[in-house]
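One structure below.
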Amino acid sequence: MLTRKIKLWDINAHITCRLCNGYLIDATTVTECLHTFCRSCLVKYLEENNTCPTCRIVIHQSHPLQYIGHDRTMQDIVYKLVPGLQEAEMRKQREFYHKLGMEVPGDIKGETCSAKQHLDSHRNGETKADDSSNKETSEEKQEEDNDYHRSDEQVSICLECNSSKLRGLKRKWIRCSAQATVLHLKKFIAKKLNLSSFNELDILCNEEILGKDHTLKFVVVTRWRFKKAPLLLHYRPKMDLL
C-alpha cells in the first residue's frame, strides 16, 4: 500500500499561533469563528480588543473572554506532530515555578511523568516481559507511598441554589479537578437532586450563565482570578428569572 509522507513544514500554518508565530501551547479556540491561538497570547490580546486576531469578527462587545475555550483535541494533535514539544514545555513550566520558589502544580507533574513513561516504553521498541513486571511492581509501590488524593490541579467550589424551585445540596462544598467542566457539575447536581435531566439546569458565576464546555480552571481565571477560594457558583432551573 502506498503511503504519502507529509512534512511538518507543510502543516505548520495549521498548528501555530498567529499572535506569537510559535506552536500552539494550551490551545484555545474562539467559539464564534473557531480560530485557535495559545491561551496566554489570546487572553493578553483580548484585554485590549474584542475581535478575533485572524478574521477580526467581533467575539463579544464587552466580555470576549467568555467566548473562548480550551481545545484539548488541537493541543493533543500539536504535541503528537511536533517531536519533543510537550517535554520542552513541561520543562519550561517547571523551571518557571522553581525560579519563583513556588511548588509545581500537580497537573504539570502528572503530564511530565506520563510523557517520560511513554518515551521510555518506546525507546527500544516493545517493552520486555521482565520490564513490564518490574514496572508494575514499581507502580504498586508508588501507589502505596502516595496518598489517595489526585495529583492534578484541584478547585474548591461552593454550590448554592439560586431558586426556590430547587432544594439546596446537603453538601454544597466540593473539590474536583480543574479540568472538569460545567457540564460535569450539571450532571452531578442533577443526580444529587434526582432531576430527570441535567439540561434543566443553569450554572452561574457572578450572575452570568456559564457555558457547558467551560473548564473550572477557565472559570477561575476569567471570573474568580482575584477572589479567595472557594469558587462560588449558583444553580437554578433553566429560564428561571432572578
Original post:
Of all residues in segment 1-28, how many are farther than 14 Å from Glu89 by Cβ, open to solvent by 60 Å² or more (accessible area, probe 1.4 Å) and not in a loop (DSSP other than H, G, I, E, B)?
Top reply: 4
Subject >> Near pairs, Cβ below 9 angstrom, 6+ apart or cross-chain, from segment 2-30 (more than 13 Å from Val43 (Cα to Cα) and of a type in the set (Ser, Thr, Tyr)) to any residue that is part of a loop (DSSP other than H, G, I, E, B) and open to solvent by less than 50 Å² (accessible area, probe 1.4 Å) >> reply: Thr16/Gly22; Thr16/Leu24; Tyr23/Cys17; Tyr23/Val82
Original post:
What number of residues in segment 196-228 are in contact (Cβ under 8 Å) with a residue 12 or more places away in the chain, among the small types (Gly, Ala, Ser) and open to solvent by 90 Å² or more (accessible area, probe 1.4 Å)?
Top reply: 0
Original post:
Quick one: in segment 69-90, which of the residues that are open to solvent by less than 20 Å² (accessible area, probe 1.4 Å) and part of a helix (DSSP H, G or I) is nearest to Lys212 (Cα to Cα)?
Top reply: Gln75
Original post:
Do we find that Lys187 is in contact (Cβ under 8 Å) with a residue 40 or more places away in the chain and open to solvent by 60 Å² or more (accessible area, probe 1.4 Å) in this structure?
Top reply: no
**OP:** Could you tell me which residue of segment 30-47 is nearest to Glu89 (Cα to Cα), considering only residues that are of a type outside the set (D, E, K, R) and surrounded by fewer than 20 Cβ atoms within 10 Å (Cβ to Cβ)?
**Re:** Ser40
Original post:
Would it be correct to say that Lys116 is exposed (fewer than 13 other Cβ atoms within 10 Å of the Cβ) and modelled with pLDDT under 55?
Top reply: yes
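The values are calculated or read from the model by the stated rules, or taken from the named source; none is laboratory data. For clarity, every value in this text was computed on a predicted model and none was experimentally measured. Note that each Cβ is placed from the backbone with ideal geometry, even for glycine, and that neighbours are counted across all protein chains shown. The protein model used for the area step is the full one, side chains on, heavy atoms only, and it has no ligands, DNA or RNA in it. Shrake-Rupley method; radii C 1.70, N 1.55, O 1.52, S 1.80 Å.
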